[in-house]
Amino acid sequence: MTPDRLAFDLQRTLNELQRERERTQKLLGELEHQNRELDRLRSTVHRESNSRLLAEEALDETRDRLQLAVDAAGLALWDWQLPATQVFLTARWGELLGDIAADGYWGVADLRERLHPDDLEPLRSQIMSLLEGRSQRAVVQHRVRTADGWLWVETHGMVAEHDGKGKPLRLMGTLADIGERKRIEQDSAHARDMAEQASRAKSEFLANISHEVRTPLNALMGLTRMLMDSPLNAEQTGWLSLMDSSAHALLELLNDILDLSRIEAGKLDIENLRFDLRQLLEQATAPYAEQARAKSLEFRLDLPSTLPQWLMGDAGRLRQVISNLLSNAIKFTPRGGLIEVRASMLPTLGDASQRLQLAVRDSGVGIARHHQANIFDAFTQADASTARRYGGGGLGLAICSRLARLMDGDISLQSAPGQGSTFTLTLPLREVQAVEPRPLSASAELTGVAEAGPRYVGLVVLLAEDHPVNELMMRQLLLRLGCTVRVARGGVHAVAQWEQGGIDLVLMDVQMPGMSGLQATQEIREIETRRRLPRTPIVAVTANAMPGDRQACLAAGMDGYTAKPVSPQALIQEMDRVLQAGEARDSAEPAAAAAPVAHPPEDPLTRTAAHLEALDVEKLLRRLDGDEATLGQLAQAMRADLASRQLDLQRALAERDVAAAVAHAHGLKGSLGSMTAERGARLAKGLELAARSGDWHLFARALPLLQAEARQIDLALAELLQAQSRDLFDSRQ
Ligand code: ADP
């Protein structure tokens, strides 16, 4: 071999070796890469298996927590895979039943066995509603039989799985022991029953007490009134008027307490009768207008001409609310302030009914914001010093707001200390058309017997009353009204007296020993029907003042009702009403001689009297049902009365004679009021108040005002009489 050849071969071998080395290196590189990849994969696998472990741990923890919650809540779990007839229940179920305490399957029939028969139906209907897809969840309270008797449980259930068509495949839920809750519920229902029973007992007690208090109070007030009309010296009159006002205050308080307890016992009935809105508002505010003036407060009554006349509602309760609000307004407004009553109608959306809005505004002391929230609660006064300074029991506003709510309305308050207060009453009231019956004659608005005079001359009244003092008082009252009085001491006697005939009207006490007034009335009505006798009007006079009493009296066949203590005004009104009704019933027969005068209305346009401010002749004539002749007589009588009363008042002032001053001012107030001389009547009332409080200085200042007004009234009356005689003269020609 040549050296060259050797060198060549060597070179070739070296090259091959080189290539081999490069290949080996490449393989090594790939191997390394695959090794790294393997490591990466290994670590991923490791991580993943770690997190699966973690997830499993978390799941275990959640399951433990859930189990703990289920255990803590004392819940049993149930699981029902449909359509199997077996339900899986946890061990707690066995614990609840008090016998078997292990997880297990229960046959549906065995479970049903355990249920209270009364609860089967509600359970069945809930399960059906789940199965039929009407609901997704259900809750039923029912009883199950345990080793110790019946146990109340609450079962919750839900649909846990559906098939492809939405049909339930599996129901699951819980069961909880609610025995304790049920016991508490039953205990509180029992406590509520007891409380209601106690509250009923309280109202009955109040009704009885009210009866017991009203009867002697009636006698006291009646006797006081009688004494006041007898000759007395000034001091005695002062004491008597104090007695009278104390008795009134007592009666008011008694009425407030009774009202509140009736409202709270849900026993206060709200009437729905037709009433004249304007007349009601004028009459309800008139006494307060007077009080305001006596306290030097400006009083405004704003009644827009658009107010409807006739509304349906409870006029008495409306008047009660107005009176309460106004008496507060006057009480809490210092001298020189302003009181305003403003009425308006608000339309109610959606139907034809309307709402009456009545705002009573004063410029008085106002009420702090923090007291406003509970001012309508019972026994609440804005602050403790109020009670000391102004008196009052804190019942007025509570009654007002409850009455407003009973009438489907409400009362709101806007006030700030020192800025005055506005109480706004809103009531839904339906407007109605004016129809019968005829309005009461003018004198029914009089305030006492003295003013009413002997208006029932010749009327024979049977008074059924067993209480001697009440009898004496009622007898005096009736005698002064011109009645002839017969007395019966009890029901049997009353029926016997009535049977003798000649009785025009019966005033019947309800609670009498032996035969009650109700029974006596029933008997009289039976005899009337049997013998076809004309119906004798019967008016209940009773100290029963609970709701339902009026209905009981009417149901027994009575025609009217007046509560004790008897107010002459209420009695006269009721007597007028039943006598008029009787008259209307047997209008074929001549009217009873003593029935109040009532004439058919005439066309007011035919009248040509002067319109002077001192009198509202139009109104007066309306009150007299258009009776011109009576108007003339009244005008003459009034002129004479005005002249003599002024002299009497002057004399009383000169002699500082309280009794005479009170009596004449009071008399004048009544006659001027019924003559529609409102301003004059207010002045007379002012005089009466001044005389009652013995304030001769005030009296001396007020008398000339009254005299000036009296001159105006006299002028108006004189013109009226002149116009009448002119008409008469014209018609004769
Ligand atoms: P009371 O018989 O004590 O007056 P009310 O229920 O009528 O009871 O009133 C409760 C309280 O509300 C009053 O004591 C008074 O503090 C406050 N109040 C009522 N009306 C007014 C008013 N017009 N102005 C200021 N405070 C009033």
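The values are calculated or read from the model by the stated rules, or taken from the named source; none is laboratory data. These figures come from a predicted structure and were not determined experimentally. All Cβ positions, glycine included, derive from the backbone under ideal geometry; neighbour counts span all protein chains shown. The accessibility values were calculated without ligands, DNA or RNA, using every heavy atom of the protein model including side chains. Shrake-Rupley method; radii C 1.70, N 1.55, O 1.52, S 1.80 Å.
Do we have G364 as within 7 Å of the ligand (Cβ to nearest atom), at pLDDT 85 or above and out of contact with any strand residue (DSSP E or B) (no Cβ under 8 Å at 6 or more places or on another chain) here?
no
Could you run through the range 68-85 and say how many residues are aromatic (F, W, Y) and within 55 Å of the chain's Cα centre (by Cα)?
Total meeting the criteria: 1.
If I filter the range 203-221 for residues that are farther than 30 Å from V566 by Cβ and either modelled with pLDDT under 80 or open to solvent by less than 40 Å² (accessible area, probe 1.4 Å) (or both), do I get at least one hit?
No, there is no match, as no residue in the range 203-221 is farther than 30 Å from V566 by Cβ and either modelled with pLDDT under 80 or open to solvent by less than 40 Å² (accessible area, probe 1.4 Å) (or both).
In the range 171-189, which residues are exposed (fewer than 15 other Cβ atoms within 10 Å of the Cβ) and farther than 17 Å from R92 by Cβ?
Answer for the range 171-189, where residues must be exposed (fewer than 15 other Cβ atoms within 10 Å of the Cβ) and farther than 17 Å from R92 by Cβ: R181, R183, I184, E185, Q186, D187, S188, A189.
Return the residues of the range 701-727 that are of a type in the set (D, E, K, R) and open to solvent by less than 70 Å² (accessible area, probe 1.4 Å); say none if nothing qualifies.
Narrowing the range 701-727 to residues of a type in the set (D, E, K, R): 701, 709, 711, 714, 719, 726-727.
E709, D714, D727, listed by residue number.
Conditions (1) open to solvent by 40 Å² or more (accessible area, probe 1.4 Å); (2) more than 29 Å from E132 (Cβ to Cβ), marked per residue:
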site: V70; (1), (2): no, no
site: A73; (1), (2): yes, yes
site: V87; (1), (2): no, no
site: G94; (1), (2): no, yes
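Report yes if A76 is in contact (Cβ under 8 Å) with a residue 60 or more places away in the chain and within 19 Å of G179 (Cα to Cα), otherwise no. Spell out the reasoning first.
Values: in contact (Cβ under 8 Å) with a residue 60 or more places away in the chain: yes; within 19 Å of G179 (Cα to Cα): yes.
Yes; evaluated as a whole, the condition is true for this residue.
Does E719 fit the bill of being part of a helix (DSSP H, G or I) and modelled with pLDDT of 85 or more?
The answer is no for E719.
Of the numbered conditions (1) within 11 Å of the ligand (Cβ to nearest atom); (2) surrounded by fewer than 20 Cβ atoms within 10 Å (Cβ to Cβ), A329 fails exactly one; give the number of that condition.
(2)
Only one of (1) away from the ligand (no atom under 11 Å from the Cβ); (2) under 19 Å from the mean Cα position of the chain (by Cα); (3) modelled with pLDDT of 95 or more fails for L429. Which number is that?
Looking at each condition in turn, L429 falls short on (3).
For the range 91-102, state whether one or more residues are within 56 Å of the chain's Cα centre (by Cα) and at positive phi.
Yes, that holds for at least one residue.
Counting just the residues of the range 463-476 that are more than 8 Å from D509 (Cβ to Cβ) and buried (at least 23 other Cβ atoms within 10 Å of the Cβ), which one comes out modelled with the highest pLDDT?
Selected residue: L463.
Name the strands (runs of 3 or more DSSP E) wholly within the range 32-137 that hold at least 1 residues that are under 14 Å from T155 (Cα atoms)?
Details: elements: 76-81, 86-89, 104-107.
Fully inside the range 32-137 and qualifying: 76-81, 86-89.
Hey, among R143, R134, R124, R112, which residue is of a type in the set (K, R) and surrounded by 14 or more Cβ atoms within 10 Å (Cβ to Cβ)?
R143
Can you name every residue in the range 219-250 that is touching a helix residue (DSSP H, G or I) at 6+ places or on another chain (Cβ under 6 Å) and either among the polar types (S, T, N, Q) or within 16 Å of the ligand (Cβ to nearest atom) (or both)?
If the condition is that a residue be touching a helix residue (DSSP H, G or I) at 6+ places or on another chain (Cβ under 6 Å) and either among the polar types (S, T, N, Q) or within 16 Å of the ligand (Cβ to nearest atom) (or both), then T224, T237, S241 are the ones that fit.
Right, L403: modelled with pLDDT of 85 or more, within 17 Å of the chain's Cα centre (by Cα), open to solvent by less than 50 Å² (accessible area, probe 1.4 Å) and more than 7 Å from the ligand (Cβ to nearest atom) or not?
When the stated conditions are applied, L403 passes them.
Given the conditions (1) within 16 Å of the ligand (Cβ to nearest atom); (2) out of contact with any helix residue (DSSP H, G or I) (no Cβ under 8 Å at 6 or more places or on another chain); (3) of a type outside the set (F, W, Y), which single one is not true for Q320?
(2)
State yes or no: is D119 surrounded by 17 or more Cβ atoms within 10 Å (Cβ to Cβ), out of contact with any helix residue (DSSP H, G or I) (no Cβ under 7 Å at 6 or more places or on another chain) and of a type in the set (D, E, K, R)?
For D119, the condition - surrounded by 17 or more Cβ atoms within 10 Å (Cβ to Cβ), out of contact with any helix residue (DSSP H, G or I) (no Cβ under 7 Å at 6 or more places or on another chain) and of a type in the set (D, E, K, R) - is met.
In this structure, does Q236 turn out to be over 22 Å from G670 (Cα atoms), in contact with a strand residue (DSSP E or B) (Cβ under 7 Å, 6 or more places away or on another chain) and open to solvent by 70 Å² or more (accessible area, probe 1.4 Å)?
no
Go over the candidates L631, L672, L689 one by one and state the one that is touching a residue at least 60 places away in the same chain (Cβ under 8 Å), within 25 Å of Y288 (Cα to Cα) and not aromatic (F, W, Y).
None of the others qualify; the one that does is L689.
Rundown of residues vs (1) of a type in the set (A, V, I, L, M, F, W, C); (2) open to solvent by 60 Å² or more (accessible area, probe 1.4 Å); (3) farther than 21 Å from Q551 by Cα, yes/no style:
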site: R262; (1), (2), (3): no, no, no
site: E271; (1), (2), (3): no, yes, no
site: D276; (1), (2), (3): no, no, yes
site: Q283; (1), (2), (3): no, yes, yes
site: Q291; (1), (2), (3): no, yes, yes
site: L297; (1), (2), (3): yes, no, yes
site: L303; (1), (2), (3): yes, no, yes
site: A315; (1), (2), (3): yes, no, no
site: R319; (1), (2), (3): no, yes, yes
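Pairs needed: first member in the range 460-486, within 19 Å of A520 (Cα to Cα); second member anywhere, among the hydroxyl-bearing types (S, T, Y) and open to solvent by 60 Å² or more (accessible area, probe 1.4 Å); C-beta distance under 6 Å; at least 6 residues apart or different chains.
V460/T484
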